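Visitor: Let me begin by handing over the structure; questions about it come next.
Just so it is clear, none of the values below were taken in a lab; they were calculated from the coordinates. All values reported here derive from a predicted model rather than from experimental measurement. Note: ideal-geometry Cβ built from the backbone for every residue, glycine included; neighbour counts use all protein chains shown.
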C-alpha cells in the first residue's frame, strides 16, 4: 500500500480522535454540575457593605466577589429570619405552612413542616453532598426538625440562632452542635464557622459536587466582636457601631478564607458563590433580639435610604444586599431584575439538574438567566408576606402594604419612581389599591394560620397564674416560684 496514503490516513484518524476527545472534554465540562456555596448573613444592613456604598466598614472580600459577579439590586427576602430561611429551603412562601409570623421562639416546640421537601433533599437526589455550617432556626425543640433529619449530610453550628458569640449559649443553654451532638469549644462563632467551612472544602475531591449552606449568625445581636476587630475601627465614635463594624469585617475575612480554600483546591472555577442577608438591618429595637439590653444602645445597622428595617414590610426590611459570583458563567454587572428568596430553590435545582417533582408546588421561578446575564426576570410579582393583621404585595412597579387591624391603613407606592417609599399614593389610585387588595385576599385564603400566634396564645393561657392585689394595692404573683414564659421576639 502507498506509504504516503497510509501516513495521510493515520494523520486523519489522529485528527478525528483528537477532535472527538476535545468534544467529549468540552461536553463533560459543560455538563459538570457546579459546587454551590450559599452564604447567608444575619441582620446585615443593606448599606453596611462596600459594594453598596459603605464608607466606614471595610468589606474587601465581599466587594471583590460582587464586583466580579452580579450585584443583585432587587434581591428580596422575608422581613425576618425564620420566614426567609424557610422560603430558601422550600421554594415556597412561608405563609403556606404557618411560618410567616416572627421567628420560632426559643421556648416553642414547633418547626418547619416535615412534609415539605427541602432543597438539600432535592440536591442530594441529584448526587450532591450537602452541608449546613451555621445557623438553622427552622425548628430546634424536636430533632425531627434538625438539619441532619432534613437532608443535610453534615451539620455544624446553632439550631436557634441568637447566641453568645464566645460561650455559644443562650441564657445558659448551649446551642452549638456537630451532627446532632453538642460541642463545647472555645472561639468566636464567626471564626469557628469560617474555619469549619474551610475544612469542609479541603475534604472535597472535586469528583462529587457539593452544596454548602454557610449561614453566619453575624452581625446579629448580641453585638460582640474580638477586641482586635473592634480596635480596627477606633475612628468610629459610637461604641455599638464600632463593635458592629468589627463583626462585619470579621464576617468578610471569613468569606475571604472560604474563597482562598476553593482556589487552593482548584475548585473556584467550578463553584457558584451566592451571598445575601436574611433580612434588612435592624432599625427597631423590638426586633433586635432578647439577649441584649437595647435601651441604652444606638442601633448600628444602615439600610441606606430604604425605609425602616427588619420586621417591617417596607423596603428596608425586605430588600437586602446580595451578589452571585461564578467565574466564566456570570457576567460582571448590576442585575436589576426582581428576585425573591423563594426563587433560589428552583434556580439551584435547575443548575444541579435536580428534579423538583417531590416538592410541593413551588412559588419560586428559575431566575438563572437574570442572575447570569441580566435578562428580564420571569418574576413580575411577589408576596412580601401575608399575616392575619397585615400583608404586602408587589406587581410590576406597584407595591401595596395593607394593615388590616383596626384602625386599618393602606399604603401604595410606585417603587420605580419612589424606591424609598416617601409618597403614599393610595388615595390617587383607588383601582390599583382594590386590585392589589384582591390579590392579597386570595393569598390569605391559601395561608395557614401562623404557628407563632397559636403558640403564644396557648402558652399564655397555660401559664396564666392569677394575679391578686395585695394589701399595699399593687398586684402580686400568687405563685412565688412562677416564671413568665420566655418568648423570643426576634432572632
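Visitor: For the chain, find the longest principal axis of its Cα atoms and tell me its angle to the long axis of helix 3-31, 0 to 90°, nearest 10.
Guide: The helix 3-31 is inclined about 0 degrees to the chain.
Visitor: Here's another thing I want to ask about it. Taking every Cα atom in the stretch 290-365, find the radius of gyration and the maximum pairwise distance Dmax, and write them in Å.
Guide: Answer for the stretch 290-365, Rg first and Dmax second: 17.6, 51 Å.
Visitor: Let me ask you something else. So, R0 is 35 Å and r is the distance between the beta-carbons of residue 305 and residue 434; what FRET efficiency does that work out to, to 0.05?
Guide: Approximately 0.75, to the nearest 0.05.
Visitor: Right, here's the next one. Over all alpha-carbon pairs in the chain, figure out the percentage whose distance exceeds 32 Å.
Guide: That fraction is 43 percent.
Visitor: Sticking with this one: Quick one: compute the contact order of the stretch 351-464, relative version, from alpha carbon pairs under 8 angstrom and 6+ residues apart, as a percent.
Guide: RCO, the stretch 351-464: 15 percent.
Visitor: Still on this structure: Distance from the Cα centre of the stretch 118-143 to that of the stretch 264-302, in angstrom?
Guide: Measuring centre to centre over Cα atoms gives 20 Å.
Visitor: Given a cut-off of under 8 Å on Cα pairs at least six residues apart, what relative contact order in percent is computed for the chain?
Guide: 23
Visitor: A further question follows. FRET efficiency for residue 446 and residue 417, Cβ-Cβ distance as r, R0 = 30 Å, nearest 0.05?
Guide: 0.45
Visitor: Quote to one decimal, in nm, the extra length available between residue 185 and residue 462 on full extension: 0.36 nm per residue of separation minus the C-alpha distance between them.
Guide: Once the chain is fully extended between residue 185 and residue 462, it gains 96.0 nm.
Visitor: If I stretch the segment between residue 143 and residue 263 completely, what's the gain in nm (0.36 nm per residue apart, minus their alpha carbon distance), one decimal?
Guide: 39.6 nm
Visitor: Helix-derived [θ] at 222 nm for the chain: sum -39500 (n - 2.57) over DSSP H runs of at least 4, divide by residue count, nearest 500?
Guide: -9500 deg cm²/dmol
Visitor: Then there's this: Arranged from highest to lowest average of other beta-carbon atoms within 10 Å per residue, in what order do the peptides 258-268, 209-219 appear?
Guide: Highest mean packing first, the order is 209-219, 258-268.
Visitor: Give the distance, in whole Å, between the Cα centre of the stretch 378-450 and the Cα centre of the stretch 316-372.
Guide: 24
Visitor: Counting alpha carbon pairs within less than 8 Å and at least 6 residues apart, what relative contact order, in whole percent, applies to the stretch 62-220?
Guide: Relative contact order for the stretch 62-220 comes out at 20 percent.
Visitor: Still on this structure, I have one more. In a Debye calculation with equal point scatterers on the alpha-carbon sites of the stretch 196-281 and no solvent, what is log10 I(q)/I(0) at q = 0.13, 0.18 Å⁻¹?
Guide: -0.53, -0.84
Visitor: Measure nothing but the geometry: give the 0 to 90° angle between the long axis through the Cα atoms of 343-352 and the longest principal axis through the Cα atoms of the chain, rounded to 10°.
Guide: 20
Visitor: Bin all alpha-carbon pair distances of the stretch 389-446 at 5 Å intervals from 0 and give each bin's fraction as a whole percent.
Guide: Pair shares across the bins are 4, 20, 32, 26, 13, 4, 1.
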